[in-house]
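The values are calculated or read from the model by the stated rules, or taken from the named source; none is laboratory data. Because the structure is a prediction, the values reported are computed rather than measured. All Cβ positions, glycine included, derive from the backbone under ideal geometry; neighbour counts span all protein chains shown. With ligands, DNA and RNA removed, areas are computed over all heavy atoms of the protein, side chains included. Shrake-Rupley method; radii C 1.70, N 1.55, O 1.52, S 1.80 Å.
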Amino acid sequence: MAVQSWTDILKFSKKTALIHDGKRKIHYLFTDGKEMSEEYDLKTDELIVRKWRHKSTLGAQSQWQVEVGEPLAGPDTSLDSEVIKENCSNPLLMRKDTKTSFQWRIRNLPYPKEVFSVSVEPSDRCIIVKTSNKKYYKKFNVTDLDRNELPLDNSALSFSHANNTLIVSYKKPKEILTLEQELLKELKKLKGTDEGDVDCKTQ
């Protein structure tokens, strides 16, 4: 029932499409004023970027919050080389999905695979990554499962480690695969422009 609810929310949102630079860019404006922006690879149909923003109670537009894709640079970091130097060696978490799995990459983790433990915490509805040397600990949610109120399954979880990067994969349940396939069919029906930037008028 929850899956249908999220499907309805997507169905009744106002959508604008843009085809640009080998990507299908979709902007969603929801009835509650929230906005979602997605980018899909035109050749593979894989989701490259998903980000959100909303209006404050005073009507001001918030900054985009990235859910899938490379994190957006903060307004100050590009001007402060010392901040960049300090942060470049810190672990960096980003989500980059495949067709069949939700996937997170955590860079700058120079430890052997044996020290990592990756597990599901059902009560908190999150994935926990930790190391036996107590050098790293991270909790994060599977937002797609939360939106659809689907349970987390430890057997769907796997991880690998290479080039100082930990890759955590969670196999998408069939409900999500069906939802994504149906959504993609609808998105391909949208008449997209091929120039400018995609944005819905929120005024």
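What's the total number of residues in the range 126-145 that are outside any strand (DSSP E or B) and either surrounded by 16 or more Cβ atoms within 10 Å (Cβ to Cβ) or among the acidic types (D, E) (or both)?
From the range 126-145, those outside any strand (DSSP E or B) are 132-136, 141-145; that's our starting set.
Within this subset, residues satisfying the condition of being either surrounded by 16 or more Cβ atoms within 10 Å (Cβ to Cβ) or among the acidic types (D, E) (or both) are 136, 142, 144-145.
Count: 4.
In the range 23-46, which residue that is closer than 28 Å to A60 by Cα and assigned to a loop (DSSP other than H, G, I, E, B) is most open to solvent (accessible area, probe 1.4 Å)?
Once the filter is applied, the top-ranked residue is T31.
Considering every residue within the range 152-173, establish whether at least one is loosely packed, with under 13 Cβ neighbours inside 10 Å, under 30 Å from S13 (Cα atoms) and of a type outside the set (G, A, S).
No, there is no match, as no residue in the range 152-173 is loosely packed, with under 13 Cβ neighbours inside 10 Å, under 30 Å from S13 (Cα atoms) and of a type outside the set (G, A, S).
Can you say whether W6 is outside any loop (DSSP other than H, G, I, E, B) and modelled with pLDDT under 95, as far as the supplied structure shows?
Details: outside any loop (DSSP other than H, G, I, E, B): yes; modelled with pLDDT under 95: yes.
It is true that W6 is outside any loop (DSSP other than H, G, I, E, B) and modelled with pLDDT under 95.
Tell me whether the range 14-22 contains one or more residues that are open to solvent by less than 30 Å² (accessible area, probe 1.4 Å) and over 22 Å from Q63 (Cβ atoms). Outline the logic, then answer.
Applying the first criterion (open to solvent by less than 30 Å² (accessible area, probe 1.4 Å)) to the range 14-22 yields 17-18.
From what's left, over 22 Å from Q63 (Cβ atoms): 17.
Within the range 14-22, one or more residues are open to solvent by less than 30 Å² (accessible area, probe 1.4 Å) and over 22 Å from Q63 (Cβ atoms).
What are the residues in the range 12-42 that are more than 20 Å from the chain's Cα centre (by Cα) and over 22 Å from K55 (Cβ atoms), if any?
Passing the criteria: I19, H20, D21.
Go through the range 109-124 and count every residue that is in contact with a Leu (Cβ under 6 Å, 6 or more places away or on another chain) and in a loop (DSSP other than H, G, I, E, B).
Total meeting the criteria: 1.
Do we have K25 as under 19 Å from E182 (Cβ atoms) and of a type in the set (D, E, K, R) here?
On the way: under 19 Å from E182 (Cβ atoms): no; of a type in the set (D, E, K, R): yes.
Judged against the criteria, K25 is not a match.
So which residues in the range 128-150 are under 18 Å from the mean Cα position of the chain (by Cα) and farther than 14 Å from I106 by Cβ? Talk me through it step by step, then tell me what you get.
To start, the set of residues in the range 128-150 that are under 18 Å from the mean Cα position of the chain (by Cα) comprises 128-129, 138-150.
N141, V142, T143, D144, L145, D146, R147, N148, E149, L150 - these are the residues of the range 128-150 that are under 18 Å from the mean Cα position of the chain (by Cα) and farther than 14 Å from I106 by Cβ.
Quick check on my filter: what residues within the range 146-177 are among the polar types (S, T, N, Q) and either on the phi > 0 side of the Ramachandran plot or in a helix (DSSP H, G or I) (or both)?
First, the residues of the range 146-177 that are among the polar types (S, T, N, Q): 148, 154-155, 158, 160, 163-165, 169.
Residues satisfying the conditions are N154, S155, N163, N164.
Looking only at the range 57-91, filter to residues that are of a type in the set (S, T, Y) and at pLDDT below 75; which one of those is most open to solvent (accessible area, probe 1.4 Å)?
We begin by selecting, within the range 57-91, every residue of a type in the set (S, T, Y); these are 57, 62, 77-78, 81, 89.
Imposing the further condition that a residue be at pLDDT below 75 reduces the set to 57, 77-78, 81.
Numbers: T57: 145, T77: 45, S78: 86, S81: 66 Å².
Result: T57.
Which one is least open to solvent (accessible area, probe 1.4 Å) among residues in the range 92-118 that are over 18 Å from the mean Cα position of the chain (by Cα) and among the charged types (D, E, K, R)? Write out each step before concluding.
Narrowing the range 92-118 to residues over 18 Å from the mean Cα position of the chain (by Cα): 108-118.
If we keep only those that are among the charged types (D, E, K, R) too, we end up with 113-114.
Numbers: K113: 91, E114: 151 Å².
Among those that are over 18 Å from the mean Cα position of the chain (by Cα) and among the charged types (D, E, K, R), it is K113.
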